[in-house]
Amino acid sequence: MAEMLRVNNLVKHFPVRQGFFGRSRGKIHAVDGVSFTLEENQTLGLVGESGCGKSTIGFCILRLIKPTAGEVWFEGHNLVTAPPETLRQLRKELQIVFQDPFGSLNPRMTVAQIIEEPLLNHLDLSASRRREMVAESLSMVGLLPEHATRFPHEFSGGQRQRICLARALILRPKVIICDEPVSALDVSVQAQVLNLLSKLQRELKLSYLFVSHDLAVIRHVSHRVAVMYLGQIVEEADVKELYSRPLHPYTQALLSAVPVPNPRKRRRRILLEGDVPSPLDPSPACRFHSRCPNAMEICREAAPPLRSINEDHQVACHLYDENRPAPAESGNKKTLPAIPGGNTTNQTM
């Protein structure tokens, strides 16, 4: 399958300043060496706790904020170092849907003005052609042509998110970054928007980078899933592989918290003790070791690399170091939770 977007060792640090003169007293490690590939007509789900750097990655890819270091390759161009005019041309192929469907819409503009704004910025089209394209985009997301003359406050949350999606689609992009697009919506409306995204992906051959903290949503829309913790990817796998056989202790803890829609099935919840380390001064060792139930001495000394376990599965954990016995073969076995929707029998580690 063709590669659409490649991110190599992406880094974003935010300086922390204090005092009258704004002297720097450190930096927040929002994103620290993240790498992944997004393939054509595929969805990569990016999941993790709030504040782990998921949204920052999306903003860095689009250069809405400038990365500290790293590379973002799209159609042979490095977006991190691309000159302004090249970046402007490439942005026609890269769009974003923000989390807040009301805050991302200008309340003083009609729906037609909001959706056609990208056309005015990037293409030289007649007014009649722009109106046709606005009507087409509204139809694609399930809205009516007469909605074009209304203002954002006249719509529900789900309809406003559809307007945001219509604006993102108006230039017919190849990649859309979805930044928590359904987190502010009711569950029933979430399902409608997610089904719409899947339908548009099939019809338009779109690639999505889907950012969310909701594991059920990620499972529904993604082909591959990357799990983030404190600015780094700790596990990446095919969606079926990750949900049926999570390897990293953090991923196991996240999945153990997902409710099972069956009162007769029980699953042991993994409770993580301790607080999340500060991103202002992260440990040079494994960032999860202070909360990990399986932490070893090496975890407090060195950070594990993201290594391949098989063709579809990567994990950053010393439990899977080379020359180390597989966790399932160790003498001290620990029962892992059954995965909702997957294999519900007990697993051991």
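Key figures
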quantity: Residue within region 140-159 that is at pLDDT 90 or above, charged (D, E, K, R), closer than 24 Å to GLN192 by Cβ and assigned to a helix (DSSP H, G or I) present; calculated: yes
quantity: Answer from LEU247, LEU280 - the residue that is under 17 Å from SER50 (Cα atoms), aliphatic (A, V, I, L, M) and part of a loop (DSSP other than H, G, I, E, B); calculated: LEU280
quantity: Residue satisfying all of: in region 145-173; surrounded by fewer than 20 Cβ atoms within 10 Å (Cβ to Cβ) and of a type in the set (D, E, K, R); farthest from SER188 (Cα to Cα) among these; calculated: ARG172
quantity: First in region 1-12 and under 16 Å from LEU94 (Cβ atoms) and without any contact (Cβ under 8 Å) to a residue 40 or more places away in the chain, second anywhere and surrounded by 16 or more Cβ atoms within 10 Å (Cβ to Cβ) and of a type in the set (A, V, I, L, M, F, W, C), Cβ under 9 Å, 6 or more apart; calculated: GLU3/LEU38; GLU3/TRP73
quantity: Cβ pairs under 8 Å, 6+ apart, first in region 25-37 and farther than 15 Å from VAL80 by Cβ, second at pLDDT below 95 and acidic (Asp, Glu); calculated: GLY26/ASP281; THR37/GLU3
quantity: Residue that is β-branched (Val, Ile, Thr), under 27 Å from the mean Cα position of the chain (by Cα), farther than 17 Å from ARG91 by Cβ and assigned to a helix (DSSP H, G or I), where the choices are VAL134, VAL182, VAL193; calculated: VAL193
quantity: Matching entry among PHE36, PHE59, PHE14 (being assigned to a strand (DSSP E or B), out of contact with any His (no Cβ under 6 Å at 6 or more places or on another chain), of a type in the set (Phe, Trp, Tyr) and within 22 Å of HIS223 (Cα to Cα)); calculated: PHE36
quantity: Residue match in region 122-138 (condition: among the hydroxyl-bearing types (Ser, Thr, Tyr) and surrounded by 14 or more Cβ atoms within 10 Å (Cβ to Cβ)); calculated: yes
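The values are calculated or read from the model by the stated rules, or taken from the named source; none is laboratory data. Remember, predicted model here, so these are calculated numbers, not experimental data. Please note: Cβ atoms are built from the backbone with ideal geometry, for glycine as well, and neighbour counts cover all protein chains shown.
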